[in-house]
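K.L.:
My questions will all concern the structure given below.
The values are calculated or read from the model by the stated rules, or taken from the named source; none is laboratory data. Bear in mind the structure is a predicted one, so any value in this text is a computation, not a measurement. Glycine gets a Cβ as well: all are built from the backbone with ideal geometry, and neighbour counts include every protein chain shown. The area values use the complete protein model at the heavy-atom level, side chains included, leaving out ligands, DNA and RNA. Shrake-Rupley method; radii C 1.70, N 1.55, O 1.52, S 1.80 Å.
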Amino acid sequence: MEMIKPPAETLYEKELRALREEDKGKRPHQWLLSPAYVRDFIIGRERPALLDGEKVSITRKFYGNDVLIERAIVTLAGNRGLMLVGEPGTAKTMLSELLSAAVSGTSLNTIQGTAGTTEDMIKYSWNYAMLLDQGPSEAALVPSPLYAGMKQGIITRFEEITRCPSEAQDSLISVLSDKVLNIPELDGGVLFARPGFNVIATANIRDKGVNEMSGALKRRFNFETIKPVANVKLEAKIIESQARSLLLHSGVEAEVDLNAVELLATTFLELRTGLTREGYKLDIPQASMSTAEAVSVYVQSAMTSYYFEERGITLDRLVQNLLGTIVKENDKDLSILKAYFSKVVKERAGQDEIWKEYYSERKWIG
Ligand SMILES: Nc1ncnc2c1ncn2[C@@H]1O[C@H](COP(=O)(O)OP(=O)(O)O)[C@@H](O)[C@H]1O
Ligand SMILES: [Mg+2]
């Protein structure tokens, strides 16, 4: 079946199967892979795995701190939940999906936190027709992803937990500390979590509408902070591989242009950190300059060139989309982008062909 965005377990089905076949390591209860194999799945390895005699390469999916990945995996095998925090677009969601897919075989057992999330949505609710007809019964209970995770012994993902009101968040406390959920409406109703159950929560530290998390809940989690990528080569690599797979997936037959990718990676990294490679200081835009945004600017530009000009990505399209991404929140960001072009890009234009071409497209930002 075709899907716009297949879940990690579908996208990497072959890799996961091949790794499972090979894995002889010790596994925590109910885990589909041993911790070392979960790590290999996420950060890749040189040696391919074998599946029915066929070599399957184990690709790197998350670029960054490999030790953090090991810590995260060990947390999942223990008593506390895993909390991934960081700026938007640092691959927190992606990492939580990869971990769930590798450990439990599914990344779909997920609660999406919003301002409207209630305790019922986190624990369980009722099929009201059945409830009125027969009274409370197990059949009338509608399980939440948290309930399902406890019952099946799999991971429950909790996206954007700090968007939920603090009282709703706190309904996780007893589940995480005692691994049990009381169902007072049912006679003797108690759900004990099966081994294999745990929670991976994600939280953005910068978005508006973020609620405080209580100290009691914080103590039930191990926190891992995901930092934005801090080097142009790595950033370019992520943009390249993500853009390639997104374009392929949208049916756009266009080669990824490595020069354009490097230009974009440089611009994003410099504006995000406020420092150019020559060592000049820059103002930092308010808009998110995450790697995810860079991927989106590239893909958007490549698709525009493909559909309207039937050609590969052009720098005018790139600058147009850059403008759209950076200047969505306020006008000050526009002057920061202009200053970047009139100082940094201009200086490099004298030494380098592609920067010269980039500079000549500054007309799009006024
Ligand atoms: N360190 C990284 N390694 C691999 N991909 C990354 C990395 N940082 C960002 N990305 C890209 O950014 C995308 C957005 O990540 P996402 O998981 O939605 O971010 P978050 O949940 O932190 O806002 C990822 O799907 C991936 O394409
Ligand atoms: Mg996310």
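K.L.:
If you scan region 99-114, which residues turn out to be within 16 Å of ligand 1 (Cβ to nearest atom) and surrounded by 24 or more Cβ atoms within 10 Å (Cβ to Cβ)? Outline the logic, then answer.
P.N.:
The first filter runs over region 99-114 and keeps only residues within 16 Å of ligand 1 (Cβ to nearest atom), leaving 99-102, 107-108, 110-114.
Within region 99-114, L99, S100, A101, A102, S107 qualify.
K.L.:
I've got another one for you. For region 185-296, give me every one of the strands (runs of 3 or more DSSP E) that falls completely inside it and has 3 or more residues that are in contact with a strand residue (DSSP E or B) (Cβ under 7 Å, 6 or more places away or on another chain), farther than 22 Å from L323 by Cβ and within 16 Å of ligand 1 (Cβ to nearest atom).
P.N.:
198-204, 221-226
K.L.:
Keeping to region 210-221, report how many residues are open to solvent by 50 Å² or more (accessible area, probe 1.4 Å) and within 19 Å of the chain's Cα centre (by Cα).
P.N.:
Final tally of qualifying residues: 1.
K.L.:
Check region 170-185 and report whether any residue there is modelled with pLDDT of 95 or more, touching a helix residue (DSSP H, G or I) at 6+ places or on another chain (Cβ under 6 Å) and over 26 Å from N204 (Cβ atoms).
P.N.:
Looking through region 170-185, at least one residue is modelled with pLDDT of 95 or more, touching a helix residue (DSSP H, G or I) at 6+ places or on another chain (Cβ under 6 Å) and over 26 Å from N204 (Cβ atoms).
K.L.:
Residue by residue through region 48-88, note down the ones that are assigned to a helix (DSSP H, G or I) and either open to solvent by less than 40 Å² (accessible area, probe 1.4 Å) or of a type in the set (A, V, I, L, M, F, W, C) (or both).
P.N.:
At the first step, the residues of region 48-88 found to be assigned to a helix (DSSP H, G or I) are 66-77.
Answer for region 48-88, where residues must be assigned to a helix (DSSP H, G or I) and either open to solvent by less than 40 Å² (accessible area, probe 1.4 Å) or of a type in the set (A, V, I, L, M, F, W, C) (or both): V67, L68, I69, A72, I73, V74, T75, L76, A77.
K.L.:
Turning to a different aspect of this structure: Just a yes or no: is a residue in region 199-221 over 30 Å from N79 (Cβ atoms) and either of a type outside the set (D, E, K, R) or modelled with pLDDT of 95 or more (or both)?
P.N.:
Of the residues in region 199-221, the ones over 30 Å from N79 (Cβ atoms) are 208-209.
Now narrow it down to the ones that are either of a type outside the set (D, E, K, R) or modelled with pLDDT of 95 or more (or both): 209.
Yes, that holds for at least one residue.
K.L.:
Let me ask something else. Going by the conditions given, is P136 within 16 Å of ligand 2 (Cβ to nearest atom) and either touching an Asp or Glu at 6+ places or on another chain (Cβ under 8 Å) or of a type in the set (G, A, S) (or both)?
P.N.:
No: the conditions fail for P136.
K.L.:
Further question on the same structure: What are the residue pairs meeting all of these: first residue in region 64-88, first residue on the phi > 0 side of the Ramachandran plot, second residue of a type outside the set (S, T, Y) and more than 11 Å from ligand 1 (Cβ to nearest atom), Cβ atoms under 8 Å, and 6 or more apart or on different chains?
P.N.:
none
K.L.:
I need the full set of residues from region 305-316 which are over 22 Å from A349 (Cα atoms), open to solvent by 30 Å² or more (accessible area, probe 1.4 Å) and assigned to a helix (DSSP H, G or I), in order please.
P.N.:
Answer for region 305-316, where residues must be over 22 Å from A349 (Cα atoms), open to solvent by 30 Å² or more (accessible area, probe 1.4 Å) and assigned to a helix (DSSP H, G or I): Y306, Y307, F308, E309.
K.L.:
Provide a single number: the residues in region 177-209 that are in contact (Cβ under 8 Å) with a residue 12 or more places away in the chain and within 24 Å of A91 (Cα to Cα).
P.N.:
Adding up the residues that qualify gives 13.
K.L.:
Could you check how many residues of region 149-181 are within 16 Å of ligand 1 (Cβ to nearest atom), assigned to a helix (DSSP H, G or I) and not charged (D, E, K, R)?
P.N.:
2
K.L.:
Can you tell me which residue within region 227-241, out of those that are of a type in the set (A, V, I, L, M) and under 14 Å from G64 (Cβ atoms), is surrounded by the fewest Cβ atoms within 10 Å (Cβ to Cβ)?
P.N.:
Among those that are of a type in the set (A, V, I, L, M) and under 14 Å from G64 (Cβ atoms), it is A230.
K.L.:
Here's a follow-up. Is it true that V319 is over 15 Å from T267 (Cα atoms) and buried (at least 20 other Cβ atoms within 10 Å of the Cβ)?
P.N.:
Working: over 15 Å from T267 (Cα atoms): no; buried (at least 20 other Cβ atoms within 10 Å of the Cβ): yes.
No: the conditions fail for V319.
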